[in-house]
1. Kindly list the number of the only condition in (1) at pLDDT 95 or above; (2) touching a strand residue (DSSP E or B) at 6+ places or on another chain (Cβ under 7 Å) that fails for residue 1.
2. Given the criterion assigned to a loop (DSSP other than H, G, I, E, B), farther than 29 Å from residue 1 by Cβ and not assigned by TED's automatic domain parsing to the domain that holds residue 75, identify the matching residue among 484, 401.
3. For the list (1) touching a helix residue (DSSP H, G or I) at 6+ places or on another chain (Cβ under 9 Å); (2) farther than 19 Å from residue 194 by Cβ; (3) modelled with pLDDT of 95 or more, I need the number of the one condition that residue 177 fails.
4. Please enumerate the residues belonging to region 109-120 that are surrounded by fewer than 24 Cβ atoms within 10 Å (Cβ to Cβ) and within 23 Å of residue 503 (Cβ to Cβ).
5. Would you be able to tell me the number of residues in region 293-327 that are under 13 Å from the mean Cα position of the chain (by Cα) and more than 22 Å from residue 382 (Cα to Cα)?
6. From the list 408, 392, exactly one residue is in contact (Cβ under 8 Å) with a residue 12 or more places away in the chain, in contact with a strand residue (DSSP E or B) (Cβ under 8 Å, 6 or more places away or on another chain) and not in a helix (DSSP H, G or I). Which is it?
7. Which condition number does residue 350 fail, the rest of (1) crowded, with 23+ Cβ neighbours inside 10 Å; (2) touching a helix residue (DSSP H, G or I) at 6+ places or on another chain (Cβ under 7 Å); (3) touching a residue at least 60 places away in the same chain (Cβ under 8 Å) being met?
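The values are calculated or read from the model by the stated rules, or taken from the named source; none is laboratory data. Fair warning: this is a prediction, and the values are worked out from it, not measured in the lab. All Cβ positions, even for glycine, are placed from backbone atoms using ideal geometry, and neighbour counts span all protein chains on display.
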C-alpha cells in the first residue's frame with residue numbers, strides 16, 4: 001500500500017489527512033492559526049504559523065495512524081489563493097503574508113485601470129475590473145510603500161509556494177496558484193504583457209510547475225521538523241478552489257460545485273477558457289488539462305463565527321461546538337422562509353463576486369421589533385445563499401451554461417436547514433458529498449496520486465467520494481425568495497456609492 005499526506009491550508013486552519021492510494025483516511029488533524037488586521041481593510045498572516053501548524057498536524061497524523069513514517073511516499077498542499085509572501089535569496093520572510101481578503105491596494109488598482117482608459121475600458125478588455133484585493137495592485141503597493149523591502153525580495157511566493165519551499169528548499173509557483181497573480185491559460189506562462197505594463201520585476205516571480213509535478217524531496221531540516229524521511233516527494237498541489245472541485249467530483253464538462261467554509265464559491269469545470277465577467281474568473285484547474293470558472297463570495301463561515309460570538313456568546317461559553325451548531329440550526333429552522341422580510345448581506349470583507357468591491361460592508365435591512373435573534377440568524381444564512389444565486393445566474397448568462405444541480409462541500413453541509421435554504425433560494429438541486437470536511441485534502445491528494453502514477457487521471461476521485469444527501473427546491477418558498485432576492489440586489493445598487501464615500505479613504509490608510 002502507498003501512503004500520502006495532504007494538507008488543506010485555509011484562512012483559519014489547516015485540515016490534514018494521511019491517506020492511502022484508495023482514498024482511505026487513516027488519520028485527520030486540524031490546527032488553527034490567527035489573522036492579523038493592523039489597519040482597516042488589511043488582513044495578514046504569519047507564514048511561520050502555517051509551517052508550525054503543518055509540523056504539529058504531521059506528528060499527530062503519524063502518531064494516530066500508526067503508519068511508519070518510512071512508508072509515507074509523498075505529500076501535497078492545497079492552499080488559500082492570492083497569498084503574497086516576499087522572501088529574500090536565503091528564504092527569509094520579509095513581510096507577513098498579505099491575505100487574499102486584504103484590500104489595501106485600491107489606489108494602485110485604479111492607477112492600472114487609468115492607464116488603459118479607466119475602469120470601463122479595462123473591464124471591457126479583461127472582463128472584470130481590478131480591485132485593491134488583487135495581487136498585481138498589492139505588489140505595486142509594496143513597491144510604492146516599502147521600496148527597500150521590494151528591492152530585497154528575491155521571490156514573491158504564495159502560501160503553497162512558501163510551504164513547498166519550506167519542504168524542499170525550491171521556490172516555485174504552481175499553475176493554479178499563478179492564476180491569482182497573472183497567468184496566461186493558453187501559453188501556461190506568466191502574463192508577461194501585464195507585468196511589463198505595471199513594471200513588476202518578473203525576476204521576482206518563481207519558476208512554474210504543474211499540480212502533478214514532483215518539486216523535490218524533503219530537505220534534512222524539513223524532514224527533522226516533520227518527523228518524516230528525506231525520501232518523501234513533494235508535489236505541486238493546487239489552490240483550494242481547485243481541490244474542492246476535485247473533492248466534490250464535479251470535474252466533468254459543465255459540472256458545478258459549491259464550497260461553504262470560511263468563504264464560499266461556485267465553480268464550474270470546463271475545457272474552455274472564456275473571458276472573465278462580473279467578478280467570475282476562468283482559472284487553471286487542478287487537472288492540468290482543464291480549467292475552472294469560479295465566482296467567490298469573500299465571507300461565509302467567517303461571518304457565522306462572528307455572528308455566534310456576538311449573538312450567542314453565553315451559549316458559546318457553555319456548550320460544546322456540536323451543541324452550539326445544533327442550537328443555531330434549530331433557531332434558523334424555527335423561522336419561516338424570508339425571515340419575515342429581513343435581509344442581511346454577507347459583505348463583511350467587501351466582495352469579489354457577483355459584484356467587485358473593496359468598500360462595501362454588510363447591511364441588516366428592514367429590521368423591526370418583530371424580529372428576534374433567530375430571524376437575524378436565518379437572514380445571515382439566506383444572505384449568503386442570495387449571493388450564490390446571483391453568482392450562478394451571472395455565470396449562466398455570461399458563459400452560456402446551464403446549472404441544474406450543484407455538488408456541495410465544506411463545513412456548512414452539516415447544517416441541513418441551510419442546505420435546504422440554498423436549494424430553495426437558488427432553485428437548484430443541492431447534493432452533499434460523503435467527505436465534507438476532507439474533500440479539499442482528498443482533492444489535493446489526487447494531485448499526488450496522479451503525479452506518482454497511481455492513477456492516470458483525476459476521474460479516480462469518483463471511487464473515493466460519493467453523494468450523501470439530495471436537497472430539492474421547495475416550490476412554495478419561491479415567491480418570497482424571488483421578491484427578497486430582487487431586494488437584495490437593489491440594496492447593493494442603492495448603497496454602493498455611499499459605502500465608497502464612507503470607506504474609501506480609511507481603507508487606503510497606510
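1. Unmet for residue 1, out of (1) at pLDDT 95 or above; (2) touching a strand residue (DSSP E or B) at 6+ places or on another chain (Cβ under 7 Å): (1).
2. Unique residue meeting the criteria: 401.
3. (2)
4. 110, 111, 112, 113, 114, 118, 119, 120
5. 0
6. 408
7. The number of the failed condition is (2).
A quick yes/no check of all residues on (1) closer than 19 Å to residue 241 by Cβ; (2) surrounded by 15 or more Cβ atoms within 10 Å (Cβ to Cβ):
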site	(1), (2)
60	no, yes
88	no, no
93	no, yes
101	yes, yes
